[in-house]
Structure formats: C-alpha cells, structure tokens
1. Given the criterion free of Cβ contacts under 8 Å to residues at least 40 places away in the same chain and assigned to a helix (DSSP H, G or I), identify the matching residue among 118, 140, 104.
2. Can you tell me which condition residue 101 does not meet? The list is (1) touching a helix residue (DSSP H, G or I) at 6+ places or on another chain (Cβ under 6 Å); (2) within 20 Å of residue 29 (Cβ to Cβ), and all the others hold.
3. Run residue 60 past the list (1) crowded, with 19+ Cβ neighbours inside 10 Å; (2) at pLDDT 90 or above and report the number of the one that doesn't hold.
4. Is it the case that the stretch 189-203 has a residue that's modelled with pLDDT of 85 or more and outside any loop (DSSP other than H, G, I, E, B)?
5. Residue 135 passes all but one of (1) within 30 Å of residue 74 (Cβ to Cβ); (2) assigned to a helix (DSSP H, G or I); which number fails?
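The values are calculated or read from the model by the stated rules, or taken from the named source; none is laboratory data. None of these values were measured; they are calculated from a predicted model. Cβ atoms come from the backbone with ideal geometry, glycine included; neighbour counts cover every protein chain shown.
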C-alpha cells in the first residue's frame, strides 16, 4: 500500500500542476449549481434537503469521471512512460491502485467543495443531516465505480478520446440498466429473475436508496465489488501487455 500511495501522490501532484485540474473542479461546481438551482428547482420546492443536488450526480459523473480518467493510462501508453512505470520496483496492482486512489481523492475533493450547498440548506431550514451524509457517502462510492470502469478502459488504448467515448458508453449502460425503458424491453420475453438481475446492475438503483439516507449493506457492497472487479480487470490487461 505504501508504494500505491507514492504513485497516488505523484498523480495528484502532476494533475494539479496543469490548468486542467482547476478547470475540471470549476466545471463540476458550476454544473452542480446549475442543475441544483435551475433544473432542480431548489428554492421552488420549499423543502430543506439536497435531493435535487444528488439526483443529478449519476449524469454528471457519466461525463466528468471518464473525462478525468481518460488520460490516466492512455497518456502513459502514448508517451511510452508506461514501460518505465512497469519496470519500477512496484507491481502492476500497486500502480493501478495508486492511480485509482489519486483520482478518487480528486473526486472527493470536488464533492467537498460543494459543502456550501449543505450549509445553505441548514441556513434556510432544518434538514436531516444524516440523510445528507448518507447521500454524500453514496455519491462518493458511485463516483469510485464510474472511475474504476473508466480507468480500466484507459488501459486498452493510447487515445484519450477513444478511452473517453468507450468509458461513457459503458457507464451509460450501468446507469440506465435499471430504467423502465430498458426493463420493459426484457419484460416482454425474459423471466422476472432475469429482469431483476439486469436492474440490480444499475448504478441508479443502488444510489437512489443512498440519496434518500439508506446506507444498505448490499448497495455499499455492490459499489465496492464494481470497483474491485474493474480494477482487477485493469491489472489483468496491463499484466498481459507487460508480458508481451
């Protein structure tokens, strides 16, 4: 884990030495504000909660997380520095975990910068802060799932654009798999067990309960398994390329 943290510090440091980091954080804050106050009718609802804020997070992450992760391994491949990284006294798994920790920390920082919204809600009313804490936790876990998928995709190509597009498509499938439009297609010919299984893969299905304050063990476990599974897939891909 110590080597992974060294890599994580390197990634965070290199990220914040470029204007991209500040532009990314600014875009995240602007979009969350626009979606919450304008599309979410924050004031018109007359309720002291952050449900409009959290309801848009899956759609924000759908584009913003692949955007931040697309350069992680794709840039290493393009510049040739991946060969140097993989010859260092660090395992592929440690390198993958280190990059994941770095970008997950950046996503946590972006979430933390939205705290003024939480303070605003407490100023305007008396919200259930336990629900808000659970929703923040769920959002961070979900961002980790988006990130693991995006990082895995980035190991497959040298092109950041390709990594971004493929990651968005895959993440979109995870988001909409639990929607009624998708499930209605399967209800016409599949059994209820199959339909329920498809719905269970949806990020929205598991995050919805968390955004309402329910931190169920199965929802937490789901996001953790998605993270572990896609990171493991990334390790396998890099190991095969290292052996070639």
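1. 140
2. (2) is the only condition that residue 101 fails.
3. So the condition that residue 60 fails would be (1).
4. Checked the stretch 189-203: at least one residue is modelled with pLDDT of 85 or more and outside any loop (DSSP other than H, G, I, E, B).
5. Answer for residue 135: the failing condition is (1).
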